[in-house]
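The values are calculated or read from the model by the stated rules, or taken from the named source; none is laboratory data. Note that this is a predicted model, so its numbers are computed, not measured. We place every Cβ from the backbone using ideal geometry, glycine too, and count neighbours over all the protein chains shown. Areas reflect the complete protein model, heavy atoms only, side chains present, ligands, DNA and RNA absent. Shrake-Rupley method; radii C 1.70, N 1.55, O 1.52, S 1.80 Å.
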Amino acid sequence: MSYKIEEQKVFNSGHSACPGCSEALALRFILNTLGSDTIAVVPPSCIAIISGPQPLSSMRIPVYQTTLEASAASAAGIKRALVSKGNHHTSVVAIAGDGGTYDIGFQALSGAAERGEDIIYICLDNEGYMNTGSQKSSATPSLAYTTSTPAGKLTPKKNVAEIMAAHKIPYMATATTGYPDDLARKVARAKEIKGGLRFIVVLTPCIDGWGIADKAGPRTSRLAVESGVFPLYEVENGENYTLNHGPSGISVADYVSGQKRFRHLSVGEVDLIQKEVDRNWERLEVKFCSEA
Ligand code: SF4
């Protein structure tokens, strides 16, 4: 399905992301879709660096930079304050990294989801604390090199998509910058739904932390989808699963071969990741009510 992304100029060029950064690309798609009647909440992260210090903000909307653990609580408070003043139209979006979502901000996120706060929460997932030098987060996949797991991470990636779906929120989706129409459509859907927390986790390959070429972000994220490492799907009310883009015959070996964070792996270790990906897909596949 194709979705047209109009340039709204909510996100300026000239920001301080690394050249080729997928997070900057994601921000452009997300903010163009949400439009100017939006308030963003951003915790410490590469997103905070990209959005910039005042008065040099790259976002032409109000941006509140909160603490790492409080994105969802801050967004919920802002939304409630707007509503109490009679403003029911402004969208409030928290845009956090995986460290601020899977780990440090998770308590506030889970609480806001359970309370049914009327906010959009978007996690830009680059699978590590890239802003502070590529340490592992609980979003880091099995066996990946980070500066705090130099021999490879020994535990699997936390499945935040399924954890959030289990909260029975009105909308949960996975997306990535390699499929921009799909990403924009999901952001539009999250904006359209009123009431309850809407959550999107967006895989955003990191040039520096993953060890990929400046131009390789979109291709790498497509390989993540096509290999089954990161299927794209959406879940409404925790029950209605729809597959958008799933595995299409690409091996995990093809996915990891272009990334320096996996270059220490033996053939046998790549095979272990393949088996983990296959098991995860088998568990997920049975939940889809329809396929795109
Ligand atoms: S460190 Fe990674 S995520 Fe952060 S700005 Fe650079 S490429 Fe983007």
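Each row is one residue, and each column tells you yes or no for (1) away from the ligand (no atom under 16 Å from the Cβ); (2) at pLDDT 95 or above.
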position	(1), (2)
Met1	yes, no
Asn12	no, no
Asn32	yes, yes
Gly35	yes, yes
Thr38	yes, yes
Ser45	no, yes
Ala48	no, yes
Ala76	yes, yes
Leu82	yes, yes
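Figure legend. Inter-residue proximity from the range 128-153: first residues without any contact (Cβ under 8 Å) to a residue 40 or more places away in the chain, second residues among the hydrophobic types (A, V, I, L, M, F, W, C) and more than 12 Å from the ligand (Cβ to nearest atom), beta-carbon distance below 6 Å, spacing 6+ or different chains. Indicated pairs: Lys153/Ala144.
Considering the conditions (1) of a type in the set (D, E, K, R); (2) within 12 Å of the ligand (Cβ to nearest atom); (3) at pLDDT below 95, Glu127 is excluded by exactly one of them, (3).
As for the range 242-258, it holds at least one residue that is touching a strand residue (DSSP E or B) at 6+ places or on another chain (Cβ under 6 Å) and free of Cβ contacts under 8 Å to residues at least 60 places away in the same chain. Looking at the range 1-84, the helices (runs of 4 or more DSSP H) lying wholly inside it that each contain 2 or more residues that are open to solvent by less than 60 Å² (accessible area, probe 1.4 Å) and out of contact with any helix residue (DSSP H, G or I) (no Cβ under 9 Å at 6 or more places or on another chain) sit at 71-84.
Of the strands (runs of 3 or more DSSP E) entirely within the range 174-292, those holding at least 2 residues that are on the phi < 0 side of the Ramachandran plot and open to solvent by 60 Å² or more (accessible area, probe 1.4 Å) occupy 240-245, 288-291. Filtering Ala151, Ala108, Ala96 for residues that are small (Gly, Ala, Ser) and open to solvent by 70 Å² or more (accessible area, probe 1.4 Å) leaves a single hit, Ala151.
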